[in-house]
Amino acid sequence: MDSNDRIEIYLPDNSKMEMEKGATVGDLALKISKGLYNHSLAGRVNGELKDLSYTLNNGDKVTIIKDDAPEAHDILLHSASHVMAQAVQDLYPEAKVTIGPAVENKFYYDFDKDPAFTEDDLEKIEARMEEIIEEDLEFERKEISRDEAIQLFKEKNEDYKVEIIQDLDQDEKLSLYQQGDFIDLCRGPHVPSTGKIKAFKLLNTAGAYWRGDSSNKMLSRIYGTAFPSKKELNKYLNFLEEAKKRDHRKIGKELDLFHIDQEVGPGLILWHPKGARILQQIKDYWIKAHIDEDYELVQSPHIGQSNLWKTSGHLDFYSEGMFNPMKIEDDAYYIKPMNCPFHIKIYNSDIRSYRDLPIKYAELGTVYRYEKSGVLHGLMRVRGFTQDDAHIICMPEQLDHEIQKLLEFTFDFLDSFGFSDIDVYISTRSEDKYVGSKEMWEEATNALKSSLDDLKIEYQIDEGEATFYGPKIDMKIRDSLNRDWQCTTIQFDFNLAERFNMEYVDSDGERKQPYMIHRAILGSLERFLGVLIEHTKGNFPVWLAPVQVAVLPISDTQIEEAQKVHKELQKHGIRSELNTTSEPVSAKIRKAETDKIPYMFIIGDREIENETVSVRKHMKGDIGTFKRSEIIDTILEEIANKNRSTKN
C-alpha cells in the first residue's frame, strides 16, 4: 500500500500507530484491542472530544474514552436525553423540543407541551425508549450551515430551535445528530448507537421557563439518568432515595425549624424557635472564635446610596443580582448584596499606619440578592441570607502569615461541624481579564500556594478561573452522602482597594495601597445549615441541637422532681425540654426520638430516691443510670469539645 494511504497517530504515551487514511477513532480503538473497542464511547483528539466515527488526520494525538472514564458519563447522559426526546416525539408528536443537557448525574429535556407531562407519562416514555435502544440506532453526525439549519427546523415546526439558531453568528457552522427519524441541534459527541445505553431511568417531571426567564412560557421538563450498568444505576437510585430522606426542606418541616411563606416572598426564610436556636449557636460560636483570632466585629446598614455601589463597581458588574433601588430624598438607595464596601468605609474613616496592620473586620451581615424564582431551592438558594463575612487588610509582606493562620482557623472551624473531608482549589489569573499588575497576582498566588504547601494541604489548580479582581482559594466540603458543597472562599482583591483609594502609611512615611482578602468560611449561614441538616439527617451534634435533653417523668408523681432536674440543666446552660403530658413514658421516648433530641433523662421513683437519672441516647437507646452531676458534666464536656472529627 502506498505510504500516502497511511497516517500516523500518537497515543497517550507518545507511541505511534500507523493507520489507513480515512480511519476513524473507532477503527483505532478496534486495532488496539477488541476489548477496548467494546468499551469505547468516544475519543479525545488533540484535546477535543470526538465521536468514534470521527475521521482521523495524520499526526493526531488520540485518547480512547472508555465507558468508565470521567468524561464518559456526560456523553452517555446526553445520548440518553436524545433517546428520550425521540420517544417523546414518537408518543406526543405535538410536543416541541427545546434544550436537553447533562447535569450532575442527570439529563433533562424541556418540551413545549400542553398539557404538561405528568408522572404517569414517564412509564410510557420509558417503554418507548427501551424499544429505541433495542433497535440500536446509529447516532449520525451531520454538519450544516446556519441558514440550512433554520430552514430545516422551520420545516419541522420547531420554533425554539429556530430561535436558538437565529441568535448565533451568520457564518457559524453547526452540527446535528440524528438517530432514526429524530434529529436535533447538538455539538456532541454521542455514543456510537442507542444500544450502548445499558441502564437508564426517568426520574421526575418539573416546570421550567424557556431560557430561565419568568416572562417566557412555562415548559414541561423531564429528568432522567443513565449509567453503564444496572448495578451502577441501582446504586445511584438508592443514593437518590437516601438524599430524598435527608432533604433539608422535609426535615426542616418535621423538626419545625423554618418555612417559606409565599405571602412573605419566595426565597425569604422564616426561622421558627428551634431553627433560630441552631442559628444562634452557630453565630455565638462564630463570634467567639473570631474574637479569639483577633478579628474586630463591625456592623453595617442594610442599604447604601447609589454612589457607594457605583464606586464599588456593583452597578456596572452586578446590577442583575441586585434588587431595584428605593428613591429617598432625590437619591437611589440599594439594599446591599455584599458587605465589602461598608467595611472599606470603616477602614477609610481614619489614617492607618503600618503598625495598625493587619486589620481584620468580621460581620454576620444579612445581604439580599435577586435570584430568579426558577432557581430558588429551600435554604440552598435564597434571596436573603446571612453571610459570615470578613476582610483582612494587610501589607504584602504579611500575606503568607495571614493566609496560613486563616487556613488553620478554617479547617478547625469546619471540623467542629463534622466536616473534615475537604477539597481545596486555587483559581489563577485569566490571561486577558484582570486588574492589578502581574507581579501582584504572582505574589498573591504564591502566598496561597506557599501556605497550603507549608500546612501539607493538597490542592488543585483551576487555571485562569479566578475572577478579574484577584486569585482565590475555594474549599468544597464532602458530606455523608459523598456530595461536594462549595463552602469557604478566600479571595484576594486588587480592585476595591484601588477603587476606594485604600491606603496606609508605611515605615518610610510613604502612602501605600494595602492588600485586601475577602473571606467567608461558611458562606451563607442559611445554605450551610441546609447542608448540615442533610449531612446529619437532622441528628445534630449535642452542641447544636435545639433541644439537648428531654426530661421525661414516668408518671405525674415525678413531675415535681423532673421540674427540678429541668431547671438544673437550664442553670448549666443546657437546652432542656420537660414533657409533663399524661402519655406513657414509652410514648414520650418515641416523641423525643422523632424530635431527634440527643439525650433523654427518665425519672421514676427509684431515680428520685437515688438522686440519679436513667439516660437514653438518640438512636442508641439505654446507656445506663448516672448521678445527675456526672451526666451533666459529660454533656457539658461534649458541648465544649463540639465533637470534632466525629463522622455522622
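Inspect all residues belonging to the range 338-361 and state whether any of them is within 27 Å of residue 259 (Cα to Cα), touching a Pro at 6+ places or on another chain (Cβ under 8 Å) and in a loop (DSSP other than H, G, I, E, B). The answer is no; no qualifying residue exists. Remark: pairs (first residue in the range 159-180, more than 16 Å from residue 85 (Cα to Cα); second residue assigned to a helix (DSSP H, G or I) and aliphatic (A, V, I, L, M); Cβ separation under 8 Å; 6+ apart in sequence or on different chains) = 162/150; 165/149; 165/150; 166/150; 174/149; 174/165. Look at residue 22 and say whether it is in a helix (DSSP H, G or I), closer than 19 Å to residue 192 by Cβ and not polar (S, T, N, Q). Criteria not met by residue 22.
Can you pull out every residue in the range 95-105 that is assigned to a loop (DSSP other than H, G, I, E, B) and not small (Gly, Ala, Ser)?
Hits for the range 95-105 are 98, 99, 101, 104, 105.
Given the condition part of a strand (DSSP E or B), in contact with a Lys or Arg (Cβ under 7 Å, 6 or more places away or on another chain) and either touching a residue at least 60 places away in the same chain (Cβ under 8 Å) or buried (at least 21 other Cβ atoms within 10 Å of the Cβ) (or both), answer yes or no: does some residue in the range 502-514 qualify? Yes - at least one qualifying residue is present in the range 502-514.
Every residue, every condition in (1) within 29 Å of residue 316 (Cα to Cα); (2) out of contact with any Asp or Glu (no Cβ under 6 Å at 6 or more places or on another chain), yes or no:
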position: 424; (1), (2): no, yes
position: 440; (1), (2): yes, yes
position: 450; (1), (2): no, no
position: 458; (1), (2): no, yes
position: 470; (1), (2): yes, no
position: 493; (1), (2): yes, yes
position: 523; (1), (2): yes, yes
position: 526; (1), (2): yes, yes
position: 534; (1), (2): no, yes
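Going by the structure shown, is residue 136 within 24 Å of residue 28 (Cβ to Cβ) and either out of contact with any Pro (no Cβ under 7 Å at 6 or more places or on another chain) or surrounded by fewer than 19 Cβ atoms within 10 Å (Cβ to Cβ) (or both)? Taking the combined requirement at face value, the residue satisfies it. Checking each residue of the range 184-195 against the condition of being out of contact with any strand residue (DSSP E or B) (no Cβ under 8 Å at 6 or more places or on another chain) and of a type in the set (Val, Ile, Thr) gives no match.
State all residues of the range 414-440 that are crowded, with 20+ Cβ neighbours inside 10 Å and part of a helix (DSSP H, G or I); if no residue qualifies, say none. Residue satisfying the conditions is 414 alone.
From the list 197, 133, which residue is assigned by TED's automatic domain parsing to the domain that holds residue 93, among the aliphatic types (A, V, I, L, M) and in contact with a Phe, Trp or Tyr (Cβ under 9 Å, 6 or more places away or on another chain)? Please lay out each step first, then the result.
Numbers: 197 fails: in contact with a Phe, Trp or Tyr (Cβ under 9 Å, 6 or more places away or on another chain).
On inspection, the qualifying residue turns out to be 133.
Looking across the range 67-94, just one residue is crowded, with 18+ Cβ neighbours inside 10 Å and outside any helix (DSSP H, G or I), and that is 67. Filtering the range 537-564 to residues that are surrounded by fewer than 24 Cβ atoms within 10 Å (Cβ to Cβ), β-branched (Val, Ile, Thr) and either out of contact with any helix residue (DSSP H, G or I) (no Cβ under 8 Å at 6 or more places or on another chain) or under 19 Å from residue 608 (Cβ atoms) (or both) leaves 554, 557, 559.
Among the residues of the range 114-129, those that are more than 31 Å from the chain's Cα centre (by Cα) and surrounded by 13 or more Cβ atoms within 10 Å (Cβ to Cβ) comprise 124, 128, 129. Restricted to the range 593-609, and to residues there that are over 23 Å from residue 256 (Cα atoms) and either aromatic (Phe, Trp, Tyr) or in contact (Cβ under 8 Å) with a residue 12 or more places away in the chain (or both), the residue that is surrounded by the most Cβ atoms within 10 Å (Cβ to Cβ) is 603. Between 526, 568, 534, the distinction of being assigned to a helix (DSSP H, G or I), surrounded by fewer than 22 Cβ atoms within 10 Å (Cβ to Cβ) and at pLDDT 95 or above belongs to 568 only. Residue 405 - would you say it is in the same structural domain as residue 507 (by TED's automatic domain parsing) and part of a loop (DSSP other than H, G, I, E, B)? Criteria not met by residue 405.
The values are calculated or read from the model by the stated rules, or taken from the named source; none is laboratory data. Fair warning: this is a prediction, and the values are worked out from it, not measured in the lab. For neighbour counting, all protein chains shown are included, and Cβ atoms are generated from backbone atoms with ideal geometry for every residue, glycine included.
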